[in-house]
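Chemist: Would you mind keeping the following structure in view while I ask a few things?
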Amino acid sequence: MRSGLRSGPRAWLLSFLAFFLTFGAWCFAAPYDAPPDEVQHSIRAAGVASFDPGQIFARPAVVPDAFGNPGMGAYQRVPAGMDEHAVCFGNHQKQPANCSPGIQGGPIEEVSTSAGRYNPLYYFVVGPPLRWFPNWGGLVAARLISSAICAALLASAFVCLLRWSRFGLAAATMLTVTTPMLAHLAGGINPNSVEISAGIALFAAGIPLLLDPPDFRKRGHITLMGISAVLLLSLRSAGPAWLAFGLFALLVPLRWKWLKEWFSLTRTKWWIVGVVVAGLASVAWIIGMKTGELVVPPGGPDDIKVGEAIAMYADDWWLYVIGMIGVAGWFDTFLWTPFYLLWISVVCGLIALGAIFTDWATRWRYAVFFVGGVVLPGYLQVSQVNLVGFITLGRYMMPLLCGLPLLAAWMLERENRGQKELFDARRTRTLTRAYVVLLVPIHLVMLVFAMVRWQRGLSPNAGIGWFNPLAGQWHPPTGSVLPLLLMVAGLVWTGWLFLKVPHEEWAPGEVEPAAEPAKRPDPAGGPAHVPQQRADGDGSPILRQSGVNMEWPASPLPEADGAPSSR
């Protein structure tokens, strides 16, 4: 084995621990309801965890939000002390969190939540600790469960890219999509974190599966795509749209021979059935629970013209982009601008190179991502602006847009110009090191900013000396040192993990060094390269890729009739 990191179980465990430690820091750092909409989702989770059908299928109703404004939601029977919105410090940057009592128990009462109509799948998993222990311990336990789900999805995504990325560029690009905002969400109670993680896993599995010739060793990718698709369909009402655009981008232009071979597998058929059933169930839930129904705000609708709304939507894209990178709390804790510009430069540079140096099929896929991730949310926002105002956030679009840098990296490391790779092993190793040095520390920066803001307040003009995460009027019941230690350990582990990504040229999916390729005369009498073929443990043939130009003379899939066309 060329590198122990290529071993699936070992690489999965190492990456899971790296992500889980990073996300776990937020679980211990944030006050109750400091992560976005945490009270709303916690109440829904505790209600679902009663396993009472009347709570799971709570009747849609007009309910007040944290500020008393009416909106669509439902009532849940939960401990009354859970209804402690962080209104005293949310959106008040200078106010620390000591003004809020935090999560408490109390008698079981009817408590309103705007998340009362959400699909119960996520809440079944995270809800029991909140139901049984409505205190800090139960809250942290529920947060850790949510973090573990996200870490498991990302670890699976990392292994997919690690084993099939030609020079490791696509695997390294995981650092660009695992943003501090995702870590912040994963450390709270919010299904948006799992939705984003499922989007990353969908593309990490789907890009190697569908954009390269079939190889039966990628059967695990089918399972990961199926799990990710079911999660996207079920967690939030926008999920079906993200899945539709994501699959459309990967499948079109169609490669019928490749798809026929994948469809010959029983696993593929079962997952297609499962995804279809999940899709039908999701549509039924959306219609039955009226998740798309909105309430006219007090005073009636606004009167913003279409052209004005379009201009406002376009002008807000700076906020959408930094919202994907990291804005903590109630969208009130911003990093310094250079941190955002650094992350934007890295990601946009990669995407721009992908647009310039790859083929028209890849540019077509870019267009699909743009329509699904930019145009569709813009249409929905502009068409509903007079009813709901501007409620779009960048993190809502991440489940789809995370696929763009992963697609760009995958295609760039396969691109060659005159038999010279655009990104060879040396360049990819350099870029990976740059990702680790430039991006990984920003996770710690955001945690410190958020902790200081919650512990002692944060003025826009605060100097460097103010950023002491061990000072202030509020501290987590488990102390402020623990989240810092967890974050540092997680980031050190993450940096080590990604620096260990192998970058030597190799055959994707190879598990041991192969012998020298055989030679045979070509029809013209000269030498011609023949791809090597060896048997896997069950005797099935395995074809390995060698060099830049790949030949696939026979199908490596069992039960498949006919070879796939070449790239």
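The values are calculated or read from the model by the stated rules, or taken from the named source; none is laboratory data. Predicted model only: the values in this text are computed from it and were never measured. FYI the Cβ positions are ideal-geometry reconstructions off the backbone, even for glycines, and counts take in every protein chain you see. Note: areas computed on protein heavy atoms with side chains; ligands, DNA, RNA excluded. Shrake-Rupley method; radii C 1.70, N 1.55, O 1.52, S 1.80 Å.
Chemist: How high is the FRET efficiency from TRP256 to VAL306, r the C-beta distance, R0 60 Å, rounded to 0.05?
Modeler: 0.90
Chemist: What residues qualify as long-range amide H neighbours of THR333, i.e. H under 5 Å apart, gap of 5 or more or another chain, H built at 1.01 Å from N?
Modeler: ALA328
Chemist: Given labels modelled 7 Å from the Cα in the Cβ direction, how far is it in nm from ALA141 to SER459?
Modeler: Going by the 7 Å Cα→Cβ label model, 4.3 nm.
Chemist: Computed on alpha carbon atoms, what radius of gyration and Dmax characterise region 116-241, expressed in Å?
Modeler: Expressed in Å, the Cα Rg and Dmax of region 116-241 come to 15.7, 52.
Chemist: As an exercise, use a Förster radius of 35 Å and the Cβ-Cβ distance of THR430 and ASP315 to find the FRET efficiency, rounded to the nearest 0.05.
Modeler: 0.45
Chemist: Given the Cα-Cα distance of VAL295 and LEU485 and 0.36 nm per residue of separation, how much length would full extension add, in nm?
Modeler: Residue separation times 0.36 nm, minus the Cα-Cα distance, leaves 64.0 nm.
Chemist: Which order do the peptides 91-101, 226-236, 452-462 take when ranked by the mean count of other beta-carbon atoms within 10 Å per residue, highest first?
Modeler: Put in order of decreasing packing, that is 226-236, 452-462, 91-101.
Chemist: Which order do the peptides 380-390, 309-319 take when ranked by the mean count of other beta-carbon atoms within 10 Å per residue, highest first?
Modeler: Descending packing order for the listed peptides: 380-390, 309-319.
Chemist: In addition: What's the magnitude of the charge dipole for region 54-190 around its Cα centre, counting Lys and Arg as +1 and Asp and Glu as -1 at the beta-carbon? Answer in Debye, nearest 20.
Modeler: Using only the charged Cβ atoms, the result is roughly 480 debye.
Chemist: Which Cys in the chain stand alone, with every other cysteine's Cβ at 4.7 Å or more from theirs?
Modeler: Result for the chain is CYS27, CYS150, CYS160, CYS348, CYS402, no neighbouring Cys Cβ within the cutoff.
Chemist: What residues have an amide H closer than 5 Å to that of ALA61, excluding those fewer than 5 places away on the same chain, when H is modeled at 1.01 Å from N in the peptide plane?
Modeler: Under 5 Å from the amide H of ALA61 lie the amide H atoms of GLY73, ALA74, each far enough along the sequence or on another chain.
Chemist: Give me the angle, in degrees from 0 to 90, between the Cα long axis of helix 239-251 and the longest principal axis of the Cα atoms of the chain, rounded to the nearest 10.
Modeler: Helix 239-251 and the main axis of the chain meet at about 10 degrees.
Chemist: Given the DSSP H assignment, sum -39500 (n - 2.57) over each helix run of at least 4 residues in the chain and divide by its residue total; what's the result at 222 nm in deg cm²/dmol, nearest 500?
Modeler: Theoretical 222 nm ellipticity from helices: -17500 deg cm²/dmol.
Chemist: Send over a whole-number figure in Å² for the accessible area per residue of the chain, probe 1.4 Å.
Modeler: That works out to 40 Å² for each residue.
Chemist: How large is ³J(HN,Hα), in whole Hz, for each residue of region 63-80 in order, when computed from phi with the Karplus curve 6.51 cos²θ - 1.76 cosθ + 1.60 and θ = phi - 60°, using x for Gly and Pro?
Modeler: 10, x, 8, 4, 9, x, 7, x, x, 7, x, 6, 9, 10, 8, 9, x, 4
Chemist: Suppose every K and R has +1 on its Cβ and every D and E has -1 on its Cβ; what is the size of the dipole of the chain about the Cα centre, in Debye to the nearest 20?
Modeler: 1180 debye
Chemist: Turning to a different aspect of this structure: Can you give the relative contact order of region 8-143 as a percent, counting alpha carbon pairs under 8 Å and 6+ residues apart?
Modeler: 29 percent
Chemist: With the full set of protein chains in place, find how many percent of the accessible area of the chain is carbon and sulfur; take the probe as 1.4 Å.
Modeler: Carbon and sulfur together cover 65 percent of it.
Chemist: Just the accessible area for MET398, please: 1.4 Å probe, Å², rounded to the nearest 10?
Modeler: It works out to around 10 Å².
Chemist: Which ³J(HN,Hα) values, rounded to whole Hz and listed in residue order, are derived for region 316-325 from phi using the Karplus coefficients 6.51, -1.76 and 1.60 in 6.51 cos²θ - 1.76 cosθ + 1.60 with θ = phi - 60°, glycine and proline given as x?
Modeler: 7, 5, 4, 5, 5, 5, 5, x, 6, 7
Chemist: Can I ask one more? Once you keep just the Cα pairs under 8 angstrom separated by 6 or more residues, what percentage relative contact order results for the chain?
Modeler: Taking the mean separation of contacting Cα pairs over the length of the chain, I get 22 percent.
Chemist: Still on this model: Helix 403-412: angle to the longest alpha-carbon principal axis of the chain, degrees 0 to 90, nearest 10?
Modeler: Helix 403-412 sits roughly 20 degrees off the main axis of the chain.
Chemist: A further question on this structure: Quick one: how many lysine pairs does the chain have with C-alpha atoms less than 20 Å apart and a gap of 8 or more or different chains? Give me the count, please.
Modeler: 5
Chemist: In addition: Would you work out which of VAL501, ALA151, SER480 lies farthest towards the positive end of the dipole of the chain? Charges go on Cβ: Lys and Arg +1, Asp and Glu -1.
Modeler: VAL501
Chemist: Related question: Compare the peptides 78-89, 187-198 by average per-residue count of other Cβ atoms within 10 angstrom and give them in order, highest first.
Modeler: For the peptides 78-89, 187-198, the packing ranking is 187-198, 78-89.
Chemist: On to the next question. Which one is right for this structure if Cα extents along the principal axes in Å is calculated from it: (1) 91, 61, 50; (2) 84, 53, 50; (3) 80, 67, 44?
Modeler: (2)
Chemist: Quickly work out the ALA352-to-PHE57 label distance, labels modelled 7 Å from Cα along the C-beta direction, and quote it in nm with one decimal.
Modeler: For PHE57 paired with ALA352, the spin-label model returns 5.4 nm.
Chemist: Between helix 121-132 and the chain, what is the angle of the helix's C-alpha long axis to the longest principal axis, kept within 0 to 90° and rounded to the nearest 10?
Modeler: So the helix axis and the longest Cα principal axis differ by about 40 degrees.
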